[in-house]
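Data first, discussion second: the structure below is written as structure tokens.
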């Protein structure tokens, strides 16, 4: 499995994984840090997008296989550790693959999140950069 920066040409495959229109995914590639897990030239296994503000790295999208999600979460975690920031993400109810990956990488349940598109979410938090202060 290779982890690399997303490019605009990835939008169609990311849209399939995230169940969003390709135009939305093109904008995501331009507006956020987006990393993609691939195998070979044609198989996209997952992706993560994130940005940082007010002392926290916010994972805005995470999709793919459990193994890909775990590997992809290493990206925002490493950034947060270098910058001494926390990492937060919301997992919509029913996304057990993502939830398993989030818990396997050390995130802890931090309460209920807001409703998104009619679905309730769970907030997860990890503070890898705070331990060294």
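Only the coordinates and a few stated rules stand behind these numbers; no lab work does. Every value quoted in this text rests on a predicted model; they were computed, and no experiment measured them. With ideal geometry, Cβ positions are generated from the backbone for all residues, glycine too; neighbour counts draw on all protein chains shown.
A few comments on the model shown:
- Projecting label points 7 angstrom from Cα along Cα→Cβ for residue 78 and residue 20 puts them 2.3 nm apart.
- Using alpha-carbon coordinates, inclination of helix 66-83 to the longest axis of the chain, degrees: 50 degrees
- Additional length obtainable on full extension of the chain from residue 8 to residue 120, 0.36 nm per residue less Cα span: 37.3 nm
- Additional length obtainable on full extension of the chain from residue 103 to residue 31, 0.36 nm per residue less Cα span: 23.2 nm
- A full extension of the chain between residue 1 and residue 56 corresponds to an added length of 17.0 nm, given 0.36 nm per residue minus the alpha carbon distance.
- Helix 22-31 axis, angle to the chain major axis (alpha carbon atoms, nearest 10°): 50 degrees
- Sequence-distant contacts, meaning Cα pairs under 8 Å at least 6 residues apart, place the relative contact order of the chain at 18 percent.
- Cα-derived Rg over Rh, computed across the range 2-126 with Rh taken as Kirkwood radius: 0.94
- Calculated mean residue ellipticity, 222 nm, the chain: -10500 deg cm²/dmol, from DSSP H runs (n ≥ 4) at -39500 (n - 2.57) each, averaged per residue and rounded to 500.
- Gap separating the Cα centres of the range 93-107 and the range 19-90, nearest whole Å: 14 Å
- Mean projection of the Cα convex hull over all viewing directions, computed for the range 30-97: 5.2 nm².
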